[in-house]
Amino acid sequence: MELLEVRNLKTYFKTQKGMVKAVDDVSCSLSYGKVLGLVGESGCGKTTTALSIANLLPPEGRIVGGEVLLEGEDLMGLSAGKLRKKRWKEVSIVFQGAMNALNPVMKVGLQIAEVLMLHDKLTYEQAMIRTKELFKLVEIDEERVNQYPHEFSGGMKQRAMIAMALACNPKIIIGDEPTTALDVMVQAQILNLLEKLKNEINMGLILITHDLSVLGEICDDVAVMYAGKIVEKGKVEDIFENHQHPYTYKLMNAFPNIYGERKLSDSIPGNPPNLLEPPSGCRFHPRCEFADERCKTKEPMLAEVGHRHFAACHYGGVFK
Ligand SMILES: Nc1ncnc2c1ncn2[C@@H]1O[C@H](COP(=O)(O)OP(=O)(O)O)[C@@H](O)[C@H]1O
Ligand SMILES: [Mg+2]
């Protein structure tokens with residue numbers, strides 16, 4: 001059975017101006033011990049996808065269609081009480097600014113121990129033992145459990161947040177731009193840590209980023225999101241070496257490659273569209289130099305272009 005299956009997910013936000021179709025028919029899956037990368041520019045629906053999976057949407061956001069199956073069980077079919085438990089036990093999110101969520105006047109170790117006491121009903125002593133184990137796992141000296149957040153570096157704080165996310169042995173961790181605010185060296189350390197954890201613990205990891213270059217070394221599969229839809233998905237090597245969608249191609253060229261060489265960055269002109277009124281046809285057509293009449297009027301479906309490789313472009317591959 002698949003660890004996670006998202007089928008035709010649609011999540012909309014109700015706003016004064018109308019419905020924002022933030023996630024519009026997204027399907028993806030994740031197996032145990034694997035890493036799925038979710039990539040796309042800001043505003044394409046990555047965070048909304050994550051929040052939908054973890055059932056953490058704000059009140060104005062609603063899943064209006066599709067299914068989120070965790071080990072075959074549809075999250076939408078569960079009662080509110082059961083869901084709240086699942087959220088901690090089974091899906092944890094580490095956000096970009098997570099480290100700033102630490103309480104500055106409380107010892108870091110105690111903040112993690114509290115999660116364990118609350119959700120796993122551990123005693124204080126048991127929780128502190130487990131917290132030290134978690135510190136070791138995320139490579140923080142266990143003596144630091146009694147330190148306050150200001151005594152931690154940014155990277156250490158983010159690792160402490162990963163420890164907190166791991167506290168209840170989730171089946172899935174979602175890192176939503178978990179390294180974006182950190183400098184390059186620390187980014188690499190955090191990514192190495194996540195990869196180590198994925199290998200040591202049989203969990204699934206979803207890594208969300210706007211920077212395709214961070215995905216190369218750690219992901220098994222990559223899904224590229226544009227304007228609320230997945231425009232291409234496949235094995236990481238297919239996305240890096242054999243991409244079929246012009247948007248993926250542009251993303252590849254807009255960022256330094258995985259070896260850190262900064263190619264001349266022809267970043268993608270324009271911005272992702274407003275999702276109140278997405279463009280007709282292919283949502284990428286206004287920014288696509290290859291678009292023609294057909295792209296303006298007919299929406300391309302995700303089609304299989306290779307083994308486990310899908311792209312939604314009328315002219316997949318021909319633009320290269
Ligand atoms: N609470 C909200 N209310 C209304 N619109 C929202 C809300 N949160 C996100 N959106 C909109 O949903 C779209 C997707 O946003 P988001 O999922 O945050 O994208 P990403 O994480 O890829 O940057 C954007 O158009 C954004 O403006
Ligand atoms: Mg986001």
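All of the numbers you see were taken from the coordinates with simple rules; none came from a lab. Since this is a predicted model, take the numbers as computed values, not measurements. Using ideal geometry, Cβ is built from the backbone for each residue, glycine included, and neighbour counts are taken over all protein chains shown.
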Would you please state the base-10 log of I(q)/I(0) at q = 0.21 1/Å for segment 164-295, with intensities from the Debye formula using one equal scatterer on every alpha carbon? -1.34
Lys and Arg at +1, Asp and Glu at -1: add these up for the other residues within a Cβ distance under 14 Å of Asp25 and post the number. +3
Can you tell which of Asn146, Asn202, Asn253 shows the greatest fluctuation in a Gaussian network model of the chain with Cα springs below 10 Å? Asn146
Nearest 10 degrees is fine. How inclined is helix 124-137 to the longest principal axis of the chain, computing both from alpha carbons? 50 degrees
Give me P(r) over segment 91-169, computed from all C-alpha to C-alpha distances, binned every 5 Å, as integer percentages. 3, 18, 31, 27, 16, 4, 0
How much length would be gained if the chain were fully extended between Lys298 and Val184, taking 0.36 nm per residue of separation minus their Cα-Cα distance, in nm to one decimal? 36.9 nm
Give the Cα extents of the chain along the principal axes, in whole Å, largest first. 67, 47, 39
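Viscosity 1.306 mPa s, temperature 10 °C: Stokes-Einstein D of segment 88-227 from its Kirkwood Cα radius, in µm² per second?
On the way: Rh = 15.3 Å.
In µm²/s, the coefficient is 104.
Can you figure out the FRET efficiency of Arg7 with Gln126, using R₀ = 51 Å and their beta-carbon distance, to the nearest 0.05?
On the way: r = 39 Å, r/R0 = 0.77.
According to the calculation, E is roughly 0.85.
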Full-extension gain in nm, Val105 to Phe290, via 0.36 nm per residue minus C-alpha separation: 61.1 nm
